[in-house]
Protein chains: 2
Amino acid sequence: MAKKEDDARTRLQGAALELFRERGYDRTTTAEIAARAGVTERTFFRYFPDKREVLFDGQVILRTALTGSIAQAPSGLGPLDVLFQAFRSLQPALEANRSYARPRQDVIAATPALQERELAKIAALTHALTLALKARGVSDLRAVLAADVCMAAFVWATLSWLDDPKVGLGDRLDAAFRELKGLLAENG
Amino acid sequence: MAKKEDDARTRLQGAALELFRERGYDRTTTAEIAARAGVTERTFFRYFPDKREVLFDGQVILRTALTGSIAQAPSGLGPLDVLFQAFRSLQPALEANRSYARPRQDVIAATPALQERELAKIAALTHALTLALKARGVSDLRAVLAADVCMAAFVWATLSWLDDPKVGLGDRLDAAFRELKGLLAENG
DNA sequence: CCTCGTTTGTCAGTAACTGACAAGTAGGAG
DNA sequence: CTCCTACTTGTCAGTTACTGACAAACGAGG
């Protein structure tokens with residue numbers, strides 16, 4: 001059983017987000033997070049390798065979902081469309097997660113150290129996409145460029161949707177990928 | 001006069017790169033860097049806000065060069081071509097800098113903490129490119145996508161050229177941007 | 001009840017980073 | 001040459017992120 005473990009981990013994440021929202025990331029110590037979660041500072045570092053990591057946990061799920069989608073995509077599709085479809089398949093999960101993702105993103109936006117970590121996570125995800133494309137026979141350079149630009153479109157869509165949900169996430173994704181193809185087409 | 005200042009700063013950068021190559025980033029303390037540069041640890045932190053930053057200094061020069069190029073580009077050009085031209089104008093400076101950039105890149109590649117910082121610097125540069133494009137009347141979304149994909153092409157070209165200079169930087173840049181434009185053609 | 005594996009607490013230590021203040025050092029005004 | 005000023009550096013004390021080692025609690029199973 002990993003019952004207690006999951007409890008403590010979840011409590012730590014909740015306590016961290018609360019405190020970061022109340023006092024800001026820099027004015028919150030790991031000891032305070034641990035105290036609010038009812039454990040000691042040492043236990044915090046047993047669950048998370050560093051203070052930043054407490055806000056970055058869903059990346060593994062995202063990665064497996066995306067790479068799975070890519071592997072299963074019909075073989076006739078070009079890399080851009082493969083990735084677009086993979087990102088669209090995330091839509092329901094993201095929408096269900098919005099109430100957590102929104103305040104979390106506010107904290108990240110206010111904290112350079114967390115922005116750095118987020119960029120690293122995005123880069124790791126992009127790298128996984130690149131590998132998944134190469135496994136489909138896409139050339140190295142092309143895989144890199146396709147993964148990078150699609151990730152940029154996805155990030156833009158997600159952030160603008162978190163900022164203002166009046167336009168749905170699906171529409172944002174469509175708009176971003178339409179713009180992407182327009183960019184490459186008109187520029188010749 | 002900022003004579004002593006520049007001396008100390010330069011010495012610190014040199015000492016840091018040396019030590020990182022000898023022992024690795026993690027096994028090098030800021031006190032050791034300072035000692036090799038002939039100053040105290042406190043002085044290190046007067047010149048650099050944190051330990052990582054000692055390896056990231058040329059970003060301002062890069063940014064001004066790129067944004068300047070973009071602002072001066074002929075108005076008929078599309079965003080991709082504007083950025084391509086801007087990056088090509090960096091070629092001589094980059095080639096002159098290779099003997100420093102090469103070992104530096106090795107250290108970064110071996111150190112996750114430095115990779116994070118580099119991603120943050122690249123993201124900041126990309127943001128500056130986005131603003132420069134918007135100043136030319138490019139729409140927000142299109143500017144974001146164009147800046148991001150061109151930066152990806154540039155980074156790919158630079159890294160692969162640092163890794164193996166048998167193919168020149170100019171050729172790498174050409175190849176990356178050619179591939180970029182080919183992305184859509186086959187992708188439908 | 002005992003035992004074993006897992007989780008947690010305790011403690012001591014390292015290293016990044018900061019603020020406050022003192023000391024040196026160069027350059028210009030008199 | 002001397003004093004004054006501005007800038008750079010050293011010193012010191014302190015906070016906080018993070019780690020290793022060891023002991024204690026605690027729940028499951030024999």
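The values are calculated or read from the model by the stated rules, or taken from the named source; none is laboratory data. Keep in mind the model is a prediction, meaning the values are calculated, not measured. So basically every Cβ, Gly included, is an ideal-geometry build from the backbone, and we count neighbours across all protein chains shown. These accessible areas exclude ligands, DNA and RNA; they are computed on the full protein's heavy atoms, side chains included. Shrake-Rupley method; radii C 1.70, N 1.55, O 1.52, S 1.80 Å.
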Practice problem: From A:68, A:78, grab the single residue that is surrounded by fewer than 18 Cβ atoms within 10 Å (Cβ to Cβ), at the interface with another protein chain (Cβ under 10 Å from one of its Cβ atoms) and over 13 Å from the mean Cα position of the chain (by Cα). | Solution: A:78
Practice problem: Could you tell me whether the range A:120-141 includes any residue that is facing another protein chain (nearest Cβ under 7 Å), in contact with a Phe, Trp or Tyr (Cβ under 6 Å, 6 or more places away or on another chain) and buried (at least 19 other Cβ atoms within 10 Å of the Cβ)? | Solution: no
Quiz item: When you go through (1) within 16 Å of DNA strand C (Cβ to nearest atom); (2) without any contact (Cβ under 8 Å) to a residue 24 or more places away in the chain; (3) over 30 Å from residue A:169 (Cα atoms) one by one for residue A:10, which number turns out not to apply?
Solution: (3)
Practice problem: Return only the number of the condition from (1) over 30 Å from residue A:146 (Cβ atoms); (2) surrounded by fewer than 13 Cβ atoms within 10 Å (Cβ to Cβ) that residue A:60 does not satisfy. | Solution: (1)
Quiz prompt | Failed item in (1) without any contact (Cβ under 8 Å) to a residue 12 or more places away in the chain; (2) more than 16 Å from DNA strand D (Cβ to nearest atom); (3) farther than 18 Å from residue B:161 by Cβ, with residue B:75 passing the rest | solution = (1)
Quiz item: Do we have residue B:23 as open to solvent by 80 Å² or more (accessible area, probe 1.4 Å), more than 23 Å from residue B:120 (Cβ to Cβ) and away from DNA strand D (no atom under 16 Å from the Cβ) here?
Solution: yes
